[in-house]
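The structure under discussion appears below in the form of structure tokens.
The values are calculated or read from the model by the stated rules, or taken from the named source; none is laboratory data. Here the structure is a predicted model, which means the values were calculated and not measured. All Cβ positions, even for glycine, are placed from backbone atoms using ideal geometry, and neighbour counts span all protein chains on display.
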Ligand code: SIN
């Protein structure tokens, strides 16, 4: 597969005939909602955990010096908290471009506090995509994030914005907070 998943995602037409549906964001989609939405609510998905295992060659890094951004990894029994947005299907074309560096549209059950579970959509970067970096020692990941910059800004900003947004929602994510602590601790 090439890095650019835009064309592949266009073939996933499952939600095309819906008036609206729920998109679940677990990374920058939590804190950078630069797309039209009808409403948003904190939500969660089960059996996945958030990891800084996806390379960013287009937003928070460059092809020569990729940054690290989040994807989801299967983890039975785990829970990943994020933000769900009710969107119209036509919004997907702009999201496909934003998430084109390896992310594929995927259907998942999305759970809310006071609302029935729905079938929603995530952008998922699996280990099969060419931009996947995978696991590395925490210190190495933190150093890579500290040094990476791309057209959308620094990789550090991505991490700290995510950590802040999760804290505002009252969500504890040990992986994100451990990396954020390494990026903010005095030398
Ligand atoms: C997401 O936020 O749901 C996908 C990953 C990202 O864009 O950071």
>> Let me confirm something: among 72, 7, which residue is without any contact (Cβ under 8 Å) to a residue 60 or more places away in the chain and crowded, with 20+ Cβ neighbours inside 10 Å?
In response: 72
> Taking segment 152-172 as the region of interest, how many residues are within 18 Å of residue 81 (Cβ to Cβ), touching a residue at least 40 places away in the same chain (Cβ under 8 Å) and either in a helix (DSSP H, G or I) or within 13 Å of the ligand (Cβ to nearest atom) (or both)?
Replying inline: 7
> So which residues in segment 109-133 are surrounded by 18 or more Cβ atoms within 10 Å (Cβ to Cβ) and in a strand (DSSP E or B)?
Replying inline: 110, 111, 120, 121, 122, 123, 124
> Does any residue of segment 51-61 turn out to be away from the ligand (no atom under 12 Å from the Cβ), surrounded by fewer than 24 Cβ atoms within 10 Å (Cβ to Cβ) and in contact (Cβ under 8 Å) with a residue 40 or more places away in the chain?
Replying inline: yes
> What number of residues within segment 87-102 satisfy the criterion of being surrounded by fewer than 21 Cβ atoms within 10 Å (Cβ to Cβ), assigned to a loop (DSSP other than H, G, I, E, B) and within 12 Å of the ligand (Cβ to nearest atom)?
Replying inline: 1
> Conditions: (1) more than 12 Å from the ligand (Cβ to nearest atom); (2) touching a helix residue (DSSP H, G or I) at 6+ places or on another chain (Cβ under 7 Å); (3) over 20 Å from residue 67 (Cα atoms). Residue 105 meets all but one. Number of the miss?
Replying inline: (1)
> When you go through 84, 65, 33 one by one, which is the residue that is surrounded by fewer than 16 Cβ atoms within 10 Å (Cβ to Cβ), within 14 Å of the ligand (Cβ to nearest atom) and at pLDDT 95 or above?
Replying inline: 33
> Only one of these conditions is not met by residue 23: (1) within 22 Å of residue 116 (Cα to Cα); (2) part of a loop (DSSP other than H, G, I, E, B); (3) touching a strand residue (DSSP E or B) at 6+ places or on another chain (Cβ under 6 Å). Which number is it?
Replying inline: (2)
